[in-house]
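Novice: Quick one: the structure is below, questions incoming.
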Amino acid sequence: MIILIGASASGKTEIAKILKQKYGFEKIITTTTRPKRTHEVENVDYHFVSKDDFNHLLISGSFLEVTHYQENFYGTNKADLKENGLVILEPNGANAYLEVLGKTVFVVFIETSKELRKNYMTFRGDSLESIQDRIKNDDKRFKKKNILRVDLEIKNQNQPLEDLADDIYKAYKTRTSN
């Protein structure tokens with residue numbers, strides 16, 4: 001199982017799509033209370049639920065991990081885990097996976113410059129206020145030192161994301177064949 005960690009607009013979602021299409025990984029669909037963006041699809045990008053429904057799942061013990069980010073809740077439902085899975089998490093979520101699943105997960109930290117991230121967020125139509133908030137909050141949250149273990153660090157410097165996905169896959173295969 002691969003965990004991708006990176007700040008907003010670091011390229012992690014697009015890299016995940018490439019890993020899924022090219023190498024057959026299965027996306028672990030996480031649950032969120034965040035409103036759906038116009039291009040997102042229910043039960044493909046996320047399981048979109050109300051805060052009440054999320055709380056019910058939380059109380060019933062359905063989640064492996066839960067986090068609060070940008071005024072919304074996110075979590076991985078245990079029922080959605082897959083052996084050949086690929087999931088995008090923030091550091092606390094990754095740490096929960098590491099504590100429960102240990103060496104069965106391969107953790108990738110994607111680092112991208114603020115300037116490039118701002119460009120990506122502007123291109124996808126995020127508001128200037130939202131961009132500034134995300135950059136500020138992400139500077140605190142998405143630090144490598146906040147993660148219990150990182151198996152691979154990738155620097156996204158605006159090269160083709162397919163190249164980064166290939167690098168991740170090669171490192172993953174090397175690790176899992178040992």
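Novice: Of the residues that sit in the stretch 104-145 and are aromatic (Phe, Trp, Tyr), surrounded by 13 or more Cβ atoms within 10 Å (Cβ to Cβ) and out of contact with any helix residue (DSSP H, G or I) (no Cβ under 6 Å at 6 or more places or on another chain), which one is nearest to residue 176 (Cα to Cα)?
Specialist: 142
Novice: Next up: Starting from residues that are part of a helix (DSSP H, G or I) and polar (S, T, N, Q), keep the ones in the stretch 12-33 and report whichever is surrounded by the fewest Cβ atoms within 10 Å (Cβ to Cβ).
Specialist: Filtering first and then ranking leaves 21.
Novice: Check 115, 111, 129 and return the single one that is without any contact (Cβ under 8 Å) to a residue 12 or more places away in the chain and closer than 12 Å to residue 10 by Cα.
Specialist: None of the others qualify; the one that does is 115.
Novice: Then there's this: When you look at residue 8, is it in contact (Cβ under 8 Å) with a residue 12 or more places away in the chain and under 11 Å from the mean Cα position of the chain (by Cα), yes or no?
Specialist: When the stated conditions are applied, residue 8 passes them.
Novice: Another one. Out of 90, 99, 71, report the one residue that is assigned by TED's automatic domain parsing to the domain that holds residue 34 and farther than 19 Å from residue 25 by Cβ.
Specialist: Sole residue among the options that is assigned by TED's automatic domain parsing to the domain that holds residue 34 and farther than 19 Å from residue 25 by Cβ: 71.
Novice: Sticking with this one: Would you be able to say whether some residue in the stretch 137-146 is touching a Ser or Thr at 6+ places or on another chain (Cβ under 9 Å), free of Cβ contacts under 8 Å to residues at least 24 places away in the same chain and not assigned by TED's automatic domain parsing to the domain that holds residue 37?
Specialist: no
Novice: While we're here: Tell me, which residue of the stretch 151-162 that is surrounded by fewer than 16 Cβ atoms within 10 Å (Cβ to Cβ) and of a type outside the set (Lys, Arg) is nearest to the chain's Cα centre (by Cα)?
Specialist: Out of the qualifying residues, it is 153.
Novice: Are any of the residues in the stretch 85-93 over 19 Å from residue 20 (Cα atoms), touching a helix residue (DSSP H, G or I) at 6+ places or on another chain (Cβ under 9 Å) and surrounded by 18 or more Cβ atoms within 10 Å (Cβ to Cβ)?
Specialist: Within the stretch 85-93, one or more residues are over 19 Å from residue 20 (Cα atoms), touching a helix residue (DSSP H, G or I) at 6+ places or on another chain (Cβ under 9 Å) and surrounded by 18 or more Cβ atoms within 10 Å (Cβ to Cβ).
The values are calculated or read from the model by the stated rules, or taken from the named source; none is laboratory data. Remember, predicted model here, so these are calculated numbers, not experimental data. Reconstructed Cβ throughout: ideal geometry from the backbone, glycine too, with neighbour counts over all protein chains shown.
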